[in-house]
Amino acid sequence: MSLINKLSLRCFNECYFRLHSRQQGLKKCHYRSFFFPLDGVKHWNRIYGRKGFYQYQCVVPDIETIGKLQALISSSKAGSFLAVLKEFGNITSPGMLPFTRPGFTLAVDFPNQGEQTLDFLNKLDSIVLASKGAVYAAKDARMSAQMFKNSYPGTKDFTPHIDPQFSSSFWRRVNP
């Protein structure tokens with residue numbers, strides 16, 4: 001059973017807000033606790049229960065698309081106590097299948113509720129796809145072949161470099 005629900009999220013968000021709203025000014029802290037706050041909580045992933053969770057991370061070219069994603073997440077009541085929003089710069093990645101590109105990346109954790117969650121993630125995909133964004137392949141557990149092809153147009157150039165003796169479930173799913 002997942003501990004992530006409307007009541008627990010409301011309580012967590014209220015406590016988090018009150019704790020941080022009392023802090024005045026800036027304070028020094030170790031970079032690990034700042035950049036990796038969950039590393040201080042042993043077995044934090046167990047809060048999602050036996051079915052676990054999906055982390056959905058995407059990159060989109062504009063903040064308006066982030067607003068559309070946020071509106072869908074909010075209206076769906078698909079609760080998450082963790083969300084990270086970052087802005088990428090304009091430096092082009094030298095890799096053949098880069099996730100980073102100019103724009104904004106959003107990472108959100110969702111409790112795994114089976115088909116309901118998968119259908120919801122597909123709806124998020126459609127918004128990302130319409131904006132010519134991408135889903136982060138390194139954190140993916142369910143991306144379609146079409147979404148991968150659109151997210152990583154360099155796949156055609158990459159495919160000749162694949163060792164035919166090596167295979168993964170991910171690659172078989174996104175490159176049928």
**Prompt:** What does the convex hull of the Cα atoms come to per residue for the stretch 50-174, in Å³?
**Reply:** 110
**Contour excess over end-to-end distance, with Cα ends at residue 156 and residue 30 and 0.36 nm allotted per residue** = 41.1 nm
**Request:** Return the whole-Å distance between the Cα centroid of the stretch 161-176 and the Cα centroid of the stretch 98-132.
**Result:** 22
**Prompt:** According to a simple spin-label model (label point 7 Å from Cα along Cα-to-Cβ), what is the distance in nm between residue 138 and residue 87?
**Reply:** 2.2
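Please work out how much length the chain gains when fully extended from residue 149 to residue 42, using 0.36 nm per residue of separation minus the C-alpha to C-alpha distance, in nm with one decimal.
Numbers: separation 107, 0.36 × 107 = 38.52 nm, distance 3.67 nm.
Once the chain is fully extended between residue 149 and residue 42, it gains 34.8 nm.
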**Request:** Determine the alpha carbon to alpha carbon distance for each of 132/156; 68/132; 86/156; 28/86; 123/149 and list only those over 23 Å.
**Result:** 86/156
**Request:** Highest first, please rank the peptides 85-96, 156-167, 53-64 by the mean number of other Cβ atoms sitting within 10 Å of their residues.
**Result:** 53-64, 85-96, 156-167
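Read-outs throughout are calculated quantities, based only on the coordinates presented, and are distinct from any laboratory measurement. Remember, it's a predicted structure, so these values are computed and weren't measured experimentally. Note that each Cβ is placed from the backbone with ideal geometry, even for glycine, and that neighbours are counted across all protein chains shown.
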